[in-house]
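Asker: Before I ask anything, let me first share the structure, which is written out below as structure tokens.
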Amino acid sequence: MSEGTRGLLLSGVGGQGVILASMIVADALLNAGFDVKQSEVHGMAQRGGSVFSHIRWGEDVDSPLVPKGSAEVLAAFEWAEAIRWVEYVREGGAVVADIRTIVPPGACNDKRAWTERYPGIDAELFNDRQLKTRLVDAAATATELGNVRAANSVILGSVAAFLDVEQDHWEAAIERLVPRGTVEINLAAFREGREVAMARVPRPPIAPEGFSGPHQIDINHVWCKGCDICSRVCPEYCLAVDVDGRLNIINPEACTGCRLCELLCPDFAIEIHAPQTPAAMADANPAGGTT
Ligand code: SF4
Ligand code: SF4
């Protein structure tokens, strides 16, 4: 495999628009200046069967085929297709899956039984592999925006949240490739999909009342790729990436808890926690100060 080459897999069912989605991803990566190789879409597109496309990008890509266990992201436009292809995702990679379910044509003889056999939607199914899973109700989101046919752009927006490709490159690809008259709705769906992927569980207020000590910075080094975004946006110069590409906390006392680093990290690799009061620190470390 070429050094620095990365991969992405798109999967869905014939008729879902996987071909167009794959073209948009490849075009966005080309716009960003990468060498890109995209496989033809394989599968039974005309018969409602499983359809998939491989994309690889980097400085100099030799083959479009993504080896198993190496994809940065799996974009699945149907839930069973996410399960079918998840083995292609690397440890710590991301799965963006539409929660829509499509009955395979072969199951139509036995419609009652398919509902029992179809795998249940489970956001925690891939937890043992530390995958970042985003389940997206793309059709509902696109319908709310005004056109269910923009659902695939919701999924692409969520995929974009995991890749280092500027928004402008994605939007240029969408503008170039989606059917005339649908650019605005697809752009809106893309932006919403990105928000969905970035959304976090609401948290309690970040600082205990009346206390203003430094916030706690928590870096997940397994997920952090040392891209330097967080250290460049930190207004207090708390963070720095060293020559080995490892992110370090160099000024912990200065962290104000603004959460810019957390919100802009594309890999969800940094979290900011409320400052600990002296009482909480003493509780956590009852032996503190005795040595
Ligand atoms: S924490 Fe996130 S933004 Fe910061 S260097 Fe790591 S991957 Fe990049
Ligand atoms: S929360 Fe704000 S101040 Fe603290 S490390 Fe992140 S960007 Fe810097």
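Asker: Output the residues belonging to the range 62-85 that are assigned to a loop (DSSP other than H, G, I, E, B), modelled with pLDDT of 90 or more and buried (at least 21 other Cβ atoms within 10 Å of the Cβ).
Answerer: Of everything in the range 62-85, those that are assigned to a loop (DSSP other than H, G, I, E, B), modelled with pLDDT of 90 or more and buried (at least 21 other Cβ atoms within 10 Å of the Cβ) turn out to be VAL66, PHE77.
Asker: Here are some residues: ALA173, ALA150. Which one is free of Cβ contacts under 8 Å to residues at least 60 places away in the same chain, among the aliphatic types (A, V, I, L, M) and surrounded by 22 or more Cβ atoms within 10 Å (Cβ to Cβ)?
Answerer: Values: ALA173 fails: free of Cβ contacts under 8 Å to residues at least 60 places away in the same chain.
Testing whether each residue is free of Cβ contacts under 8 Å to residues at least 60 places away in the same chain, among the aliphatic types (A, V, I, L, M) and surrounded by 22 or more Cβ atoms within 10 Å (Cβ to Cβ) leaves just ALA150.
Asker: Kindly indicate whether GLY226 is in contact with a strand residue (DSSP E or B) (Cβ under 7 Å, 6 or more places away or on another chain) and either near ligand 2 (Cβ under 8 Å from one of its atoms) or among the β-branched types (Val, Ile, Thr) (or both).
Answerer: For GLY226, the condition - in contact with a strand residue (DSSP E or B) (Cβ under 7 Å, 6 or more places away or on another chain) and either near ligand 2 (Cβ under 8 Å from one of its atoms) or among the β-branched types (Val, Ile, Thr) (or both) - is not met.
Asker: Turning to a different aspect of this structure: If you check ARG194, ARG203, which single one turns out to be closer than 26 Å to CYS234 by Cβ and at pLDDT 85 or above?
Answerer: Sole residue among the options that is closer than 26 Å to CYS234 by Cβ and at pLDDT 85 or above: ARG194.
Asker: Output the residues belonging to the range 229-265 that are more than 9 Å from ligand 2 (Cβ to nearest atom) and polar (S, T, N, Q).
Answerer: Hit for the range 229-265 is ASN248, nothing else.
The values are calculated or read from the model by the stated rules, or taken from the named source; none is laboratory data. Given the structure is predicted, the values throughout are model-derived calculations rather than measurements. Using ideal geometry, Cβ is built from the backbone for each residue, glycine included, and neighbour counts are taken over all protein chains shown.
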